[in-house]
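The values are calculated or read from the model by the stated rules, or taken from the named source; none is laboratory data. Quick caveat, the model's predicted, so the values are computed rather than measured. We place every Cβ from the backbone using ideal geometry, glycine too, and count neighbours over all the protein chains shown.
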Amino acid sequence: MGWLTRRKAKKKDLVKTEEEIRKLREAARIVSGVLGELARHIQPGVSAQHLDLLAERWIRARGAEPAFKGYRGYPATICLSIDEEVVHGIPHPDKVLQEGQIVTIDVGVRWQGYYGDCAFTFPVGQVSPEKQRLLQVGLQALYEGMRQARNGKYTGDIGQAIERFVRQRGFDVVRDMVGHGIGSALHEPPDVPNYGRAGTGVRLRTRMVLAIEPMVVAGTHEVYTGADQWTVYTKDGAPAVHFEHMVVVRQFQAECLTTYDPVFQNFPGDLSFLRLGDVKPATKP
Ligand code: MF3
Ligand code: CO
């Protein structure tokens with residue numbers, strides 16, 4: 001995700017052609033496939049480094065390139081963030097998945113000059129009911145945001161929908177990092193915050209392409225960057241989830257370019273607790 005930038009751009013620059021959207025659709029298909037491939041391997045004992053190598057091989061075999069590697073000096077193909085790590089965790093050989101953790105994998109690809117960007121948070125083995133609920137709220141918050149991505153709405157409508165949905169369920173959203181436009185650059189305007197007020201921000205127009213990516217935390221929303229200069233952690237150590245899809249703004253509803261179908265098809269464990277439908281409001285103490 002982008003750091004909050006407040007870049008200005010001419011409205012017209014944010015709108016893609018159908019030709020560009022075709023390229024983005026293919027980049028999005030490839031990046032969705034990477035997550036599906038990695039999904040097969042999510043289990044206790046597997047190292048982040050192993051997943052990173054699988055991802056890079058899978059991407060290059062399809063004629064694409066890892067988009068994150070080298071981006072501002074980022075050293076790997078995927079970001080792999082465990083529990084209280086929110087985003088931008090760097091894969092290492094000694095970073096090994098353990099039963100009960102939740103692990104976010106965020107991956108980007110470049111294909112024929114266009115970018116794909118997608119993230120999903122997986123349970124490792126059996127996870128606590130609280131983590132299951134966090135995963136479910138995070139995923140549905142993404143869908144709530146995506147529903148706003150239609151012509152005439154505002155980036156603030158997306159942010160408000162996400163923030164409301166999450167806070168009503170007793171969780172919070174990270175504010176320091178935001179979703180973004182995407183095209184022939186990984187991060188383009190507009191910023192797409194996961195909080196805000198309806199009717200504010202940038203007005204959405206048909207054929208804008210957005211990466212919507214709520215980061216949802218079980219505790220407070222404050223985060224900090226670790227000593228490696230990349231990994232972002234929650235200050236209170238509470239777990240975080242991160243789900244990201246790319247969508248095209250259309251007249252009546254968003255067209256989703258990335259898909260979790262490969263993830264749901266290939267994941268060896270049980271994801272049925274992520275099924276759609278409302279998530280019960282938090283029980284008041
Ligand atoms: N995954 C981020 C995003 O969703 C970008 C990753 S930054 C990188 O926009 F340095 F890791 F590439
Ligand atoms: Co992104």
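Key figures
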{"quantity": "Any chance Pro44 is surrounded by fewer than 20 Cβ atoms within 10 Å (Cβ to Cβ), within 20 Å of Gln132 (Cα to Cα) and more than 15 Å from ligand 2 (Cβ to nearest atom)", "calculated": "yes"}
{"quantity": "For Ala211: the one exception among (1) exposed (fewer than 15 other Cβ atoms within 10 Å of the Cβ); (2) under 20 Å from Glu20 (Cβ atoms)", "calculated": "(1)"}
{"quantity": "Scan of segment 136-169 for residues that are in contact with a Ser or Thr (Cβ under 6 Å, 6 or more places away or on another chain) and basic (Lys, Arg), ordered by number", "calculated": "none"}
{"quantity": "Residue in segment 130-147 that is in a loop (DSSP other than H, G, I, E, B) and either more than 19 Å from the chain's Cα centre (by Cα) or under 19 Å from Glu244 (Cβ atoms) (or both) present", "calculated": "yes"}
{"quantity": "Number of the condition not met by Gln43 [criteria: (1) under 21 Å from Gly183 (Cα atoms); (2) of a type in the set (S, T, N, Q); (3) part of a loop (DSSP other than H, G, I, E, B)]", "calculated": "(1)"}
{"quantity": "Residue in segment 1-22 that is surrounded by 15 or more Cβ atoms within 10 Å (Cβ to Cβ), at pLDDT below 95 and not in a helix (DSSP H, G or I) present", "calculated": "yes"}
{"quantity": "Residue check, His221 in contact with a Lys or Arg (Cβ under 8 Å, 6 or more places away or on another chain) and at pLDDT 95 or above", "calculated": "yes"}
{"quantity": "Lone qualifier among Leu80, Leu97 - being closer than 23 Å to Thr234 by Cα, surrounded by 19 or more Cβ atoms within 10 Å (Cβ to Cβ) and over 19 Å from the mean Cα position of the chain (by Cα)", "calculated": "Leu97"}
{"quantity": "Top-ranked residue of segment 168-185 - restricted to ones that are surrounded by fewer than 20 Cβ atoms within 10 Å (Cβ to Cβ) and within 16 Å of Glu213 (Cα to Cα), ranked as farthest from ligand 1 (Cβ to nearest atom)", "calculated": "Arg175"}
{"quantity": "Residue that is farthest from ligand 2 (Cβ to nearest atom) [pool: residues in segment 87-117 that are in a strand (DSSP E or B) and within 24 Å of Gly45 (Cβ to Cβ)]", "calculated": "Val96"}
{"quantity": "The one condition in (1) closer than 17 Å to Asp106 by Cβ; (2) touching a Leu at 6+ places or on another chain (Cβ under 6 Å); (3) more than 15 Å from ligand 1 (Cβ to nearest atom) that Gly33 fails to fulfil", "calculated": "(2)"}
{"quantity": "Some residue of segment 47-61 being part of a loop (DSSP other than H, G, I, E, B), in contact (Cβ under 8 Å) with a residue 40 or more places away in the chain and on the phi < 0 side of the Ramachandran plot", "calculated": "no"}
{"quantity": "Matching residues in segment 54-77 - criterion: being within 16 Å of Ala27 (Cα to Cα), surrounded by 13 or more Cβ atoms within 10 Å (Cβ to Cβ) and small (Gly, Ala, Ser)", "calculated": "Ala55, Ala64, Ala67"}
{"quantity": "Cβ-Cβ under 8 Å pairs, at least 6 apart or on other chains, segment 164-181 side more than 17 Å from Leu135 (Cβ to Cβ) and within 16 Å of ligand 2 (Cβ to nearest atom), far side in a strand (DSSP E or B) and modelled with pLDDT under 95", "calculated": "Asp176/Trp3; Met177/Gly2; Met177/Trp3; Val178/Gly2; Val178/Trp3; Gly179/Gly2; His180/Gly2"}
